[in-house]
Each structure stands twice: as C-alpha cells, then as structure tokens.
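Bear in mind these aren't lab numbers, they're just calculated from the coordinates by the rules spelled out. The structure presented is a predicted model; accordingly, all values stated were derived computationally and were not measured. Virtual Cβ from ideal backbone geometry, glycine too; neighbours counted across all protein chains shown.
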Number of protein chains: 2
Amino acid sequence: MSTTTELTNWQSVHDEVLRRIHTREWKPGDQIPKEVELAEELGCARATVNRALRELAAEGFLDRRRKAGTRVATHPVRRARLDIPVIRLEIEGRGQKYTYGLLLSERRSPPPEICANLGVTSDSDMLHITSLHLADGKPYMFEERWVSVAATPEIVDADLSKISANEWLVLHAPYTKGDISFSAVLASENEAKILRTQKNEPLFLIERTTWEGEKGITSARLVFAPGYRMHTAL
Amino acid sequence: MSTTTELTNWQSVHDEVLRRIHTREWKPGDQIPKEVELAEELGCARATVNRALRELAAEGFLDRRRKAGTRVATHPVRRARLDIPVIRLEIEGRGQKYTYGLLLSERRSPPPEICANLGVTSDSDMLHITSLHLADGKPYMFEERWVSVAATPEIVDADLSKISANEWLVLHAPYTKGDISFSAVLASENEAKILRTQKNEPLFLIERTTWEGEKGITSARLVFAPGYRMHTAL
DNA sequence: CAGTGGTCTAGACCACCAG
DNA sequence: TGGTGGTCTAGACCACTGC
C-alpha cells in the first residue's frame, strides 16, 4: 500500500505509522521499514521520519535499536502521563473556589520514618507543617509535610498561612529527584475529623518525597477526601 | 556567566539549561535567551538548542510561545510518567511468580453503568470476565472486565484460561483512546473473599476503559490486594 | 507587521550492536 | 564489521501572536 499524497510533516508521518499499526498492517513484533525507506516512500526527509518514529517509541508503540531496526512493540507499555499540578490550580481548574488553612507549623526534629524517607539524621532541623486544602469550602485534601530547614533555610521566613508550603516550595526549591506513590488507606480518627468525614472511610493517599542532589528537601503525605479520583487519558 | 567548553549536543544543552534553572540563575517567570542567542553562546546549531528546549518544555520546566519567547515555568506542572505494563510483567519484573485464574466467562448483555462507560446499547453482545492475578501464589489483583464482542469478535475464540483478557487485548485489539482513573474503595464482601482479606479493608482501584475510534472495546475494574502501592519517579 | 519558535531539508558523521 | 538509528549542521520557510 502506497500513499498517493506526500506526507511531509512529522505529525502526518506519525499518524500514518500509527494507522498501520492499528489496522494491523504492521503487527506487534513486526519489523517496519528503515528510516531511509520510509522517507523515500512517504516523500520526505529522513529527519522527519526520525522525529515521528522517535515520538512513537517514546509513546511506547515502537521499539527501536541501532542495527536491529524498528519493531512494533509486542507489549505496548502504556504510558499514562500524570500531570501533577499545584493543588490550588487543580481545584481552580475545575472552576471551584480554592481556600487553604494552615493548621500547624512547628520547628522540630523529625520522627524516624521521615528520617528514613529523606535520608537525614534524627536531630536535623526541620519544619513540620499540616494544612487543609478546601474546594468550595469543603475539605479536599489534608497535607502533612516535613521540610528540611538546612536544605531550604528561606522557608522559615515564608508566611505559610498565605501561601501553601506546596506552592512555596515549587517556586523556591527546585528539586532534581522526586518520588511519588499512590495507595489506599483508612481514615484515622484525626484525619476523619479534619476532612469532616467518618472514621474508616477509604481514602486516597499520595506520598511524595523530593531531593536536591543527595539532600532531602521535603516529604509529604497527602490524604484526599472520600470520593477523590485521579484521572487521566491514555 | 559563559561556558568555556562548547556544548554541541542537545543533552548537554538540556542539562546546562536545567542547571541554570536549578541554581536560580534563571528564575520562574524569567524570559530566557532566544534560540539563536543560546546557540551562539553555547556554540552549536539552533536546531540543537531547539531540541533541548523542546524536551524541557515537554518536561514542564519551560513555557514556550512564538513571538513571546521562552520562559521558566512558574508552576512546573510535574509530569509523572506512569508506566502501565501488563500485570504479568509487573509481577515478574519484581522477581515474583505470576499465576492467573479465570473465575468467570459469560456472554451476556451489560449492566447500565457499563453501557454508559463504553457508550454501547444495553442489548449489545458482550463478554463478561472475572479473573484473579496472583503473585507468588498470593492474590494480587481482582479483575472484572466487559469486552465488546462486536468490536473484537476474535476474543470469543481465545482461550482465556491460558492468557489473561488483559494480555490478549493488548496483543489483538489496539485502541485509539483510553481512559484510566485511580481511587480508593472499601472491599466488598465478595472482593474480600476473593482477595483473601477482610471486608472493609481499603483497596486501591483502577478503572480503565478503551475505545477504538468511537467504538467502545472494553471496560475493566481492577481491585488490588491491601497494601498495594503504585509508585513512580518524578 | 515583525519577531519568535516550529519545522523541513540534504548531507554528514557517529555510536551502537547483531550477525 | 557493516547496517541502522542518533544526532548535528546550515539554511530556509512557515505559523503564530504580541505589539
């Protein structure tokens, strides 16, 4: 099957290749034509084909190796792109009103599990912050966070009742490495009270830790109100 | 500050720009030099700079607009890449033994909520499948799935006791659109029994629906055993 | 309208790795 | 060790959009 019209931009090449995969003209495991051949067939430069195939490989549809050529992925590892915005933007993006309350801010040494997470000593100087994020006045997410004062000294001067620690850190403490995990937990008595729900409700939990180089910056535990769903397209 | 050595490949340009962002030489909101200028400063072609900046924009570190130039993102939307492999590979990848049991496979018309999800009529011909995935012999995930027979007729001939519906679909039914959501639920009595746990345990739930064009293919509900954590790097 | 990023091209050399 | 993808270059034109 040859194309009658020329595909001279990488997006149309991308789409055409995807079409051939979807129609099973090229099946999982099949080797597809080399870049030079495809470029010739489609009537464009090799660089254009390269761009298209590179994107498809990044999306998980193709496996590419030098010398071995390009093959249709046998197990298309689906890559869901989770956009993780600042909470405020997540809420405002849905057209709801965002409010925020600082519940606690104290300077103290961290408990053992935080030390383990961040790789800091148990006598380090840290800020312990808990806060509640609300959407249209209703509890949305309860945040408990530890911030290393050594790593980001300026945070002790920040007015965390005006701007959430989350948001302050995004603006002032870039990180080089981060880690995030998602799970389900039962609401503790305290969490239930704060989120104005009942004990033993199933809650969605996000745990996040970030480092700058080898220095642990912050570790946060985000517990969402019942009914929360994280959602994305494939 | 100028570089003494020339950065002639896009990765080093990428890293250098990222360094300037991290060191706050370029702060959130700042406009950074235009491609031509950067290319000149670093001693490489504009295409190389373009490639580096394009990747950084895709990673969420930069905002780029024609005519307006390139700025450091004020709210670096963090993009976590969730790799969603076939369950079997997820388990085997951790060095555990994967087993799989087909619990039910029946051909019948779908309940209303599935119709709504997939956009099919309530009298459509569908396959209803439930199965259990185990890691090292322990229940790992309980899967309940509806598959449109109209969209993928070949599935009725597949031996779903040997290969999971999940995996069969990946190989034989490419999709063009997909949707995935994550949440926390309480174990129902049935789910608790199957996962060999207790009622009212908090469970991690993934709901996934896929389409080919406008045709709904399959809708699945994946309930994970207690303690499951989905995990990724930022 | 003019400046900036977005893309294409033709050609070249390099790096990796399967045979 | 040769074939394939990975990348760089210089130059060109285009598309969007702020002024």
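B:Thr232 to A:Arg46: FRET efficiency via 1/(1 + (r/R0)^6), r the Cβ-Cβ distance, R0 56 Å, to the nearest 0.05? E between B:Thr232 and A:Arg46, to the nearest 0.05, is 0.95. Specify which residue in the list B:Ser124, B:Ile180, B:Leu134 is farthest towards the positive end of the charge dipole of chain B, using unit charges on the beta carbon of Lys, Arg (+1) and Asp, Glu (-1), about the Cα centre. Going by the charge dipole, the pick is B:Ile180.
Across peptide A:78-88, the average count of Cβ atoms from other chains found within 10 Å of a residue's Cβ is 6.
Rg over Rh for region B:126-214 works out to 1.00, both radii taken from alpha-carbon positions and Rh defined as the Kirkwood radius.
For the peptides A:118-127, A:92-101, B:210-219, what is the packing order when you average, over each peptide's residues, the other Cβ atoms within 10 Å and list the highest mean first?
B:210-219, A:118-127, A:92-101
Each label was represented as a point 7 Å from its Cα along the Cα-to-Cβ direction; for A:Thr99 and A:Asp157 these points are 3.1 nm apart. With label points set 7 Å from Cα along Cα→Cβ, the inter-copy distances at A:Arg19 are 4.6 nm, sorted shortest first.
Given +1 at the Cβ of Lys and Arg, -1 at the Cβ of Asp and Glu and no other charges, the dipole of chain A around its Cα centre is 640 debye to the nearest 20. Each Lys or Arg adds one and each Asp or Glu subtracts one; over the other residues with Cβ under 13 Å from the Cβ of B:Pro202, this totals -1.
Checking the Cα-Cα distances for A:Lys162/B:Lys34; A:Lys138/B:Lys138; A:Lys193/B:Lys199; A:Lys162/A:Lys215; A:Lys162/B:Lys67 against a 30 Å cut-off, the pairs over it are A:Lys162/B:Lys34; A:Lys138/B:Lys138; A:Lys162/B:Lys67. Here the simple spin-label model places points 7 Å from the Cα toward Cβ, and for B:Asn9 and A:Arg108 these points are separated by 5.0 nm. Sorted from nearest, the other copies put their B:His75 label points 3.8 nm away, the label point being 7 Å from Cα in the direction of Cβ.
Can you give the net charge of the other residues whose Cβ lies under 12 Å from the Cβ of A:Tyr98, counting K and R as +1 and D and E as -1? Net charge around A:Tyr98: 0. Scanning residues 5 or more positions from A:Asn200 or on other chains, those with amide H under 5 Å from its amide H are A:Ala187, with H placed 1.01 Å from N in the peptide plane.
State the answer as a single residue: which of B:Ile32, B:Leu18, B:Thr48 lies farthest towards the positive end of the charge dipole of region B:10-72, with beta carbon charges of +1 for Lys and Arg and -1 for Asp and Glu, about the Cα centre. The Cα lying farthest towards the positive end belongs to B:Ile32. Computed 3J(HN,Hα) for region A:125-135, one whole-Hz value per residue from the Karplus formula 6.51 cos²θ - 1.76 cosθ + 1.60 where θ = phi - 60°, is 8, 9, 9, 10, 10, 10, 7, 10, 9, 10, 10, glycine and proline marked x.
Can you give the translational diffusion coefficient of region A:76-234 in µm²/s, computed by Stokes-Einstein from the Kirkwood radius over Cα pairs at 25 °C and 0.890 mPa s? Show your work: numbers first, answer last.
Values: Rh = 16.5 Å.
Calculated translational D: 149 µm²/s.
Once the other residues with Cβ under 13 Å from the Cβ of A:Ser188 are scored (Lys, Arg +1; Asp, Glu -1), what is the net sum? Walk me through the intermediate numbers first.
Working: positive: A:Lys193, A:Lys199, A:Arg221; negative: A:Glu144, A:Glu189, A:Glu191, A:Glu201.
So the environment of A:Ser188 carries a net charge of -1.
Relative to the other identical copies, A:Lys193 shows label-point distances of 3.9 nm, where the label point lies 7 Å from Cα along the Cβ direction and values run shortest first. Derived scalar couplings between HN and Hα for region B:179-185 equal 8, 9, 9, 10, 7, 10, 9 Hz in order, rounded to whole Hz, by the Karplus curve 6.51 cos²θ - 1.76 cosθ + 1.60 (θ = phi - 60°), x for Gly and Pro. Inter-chain neighbour count for A:194-202: the average number of beta-carbon atoms from partner chains within 10 Å of each residue's beta-carbon is 2. Residues whose amide H comes within less than 5 Å of that of B:Thr74, counting only those at least five positions distant or on another chain, are B:Gly29 (H built at 1.01 Å from N in the peptide plane).
Using Cα centres only, tell me the gap between region A:130-192 and region B:139-177 in whole Å. A separation of 41 Å, based on Cα centres.
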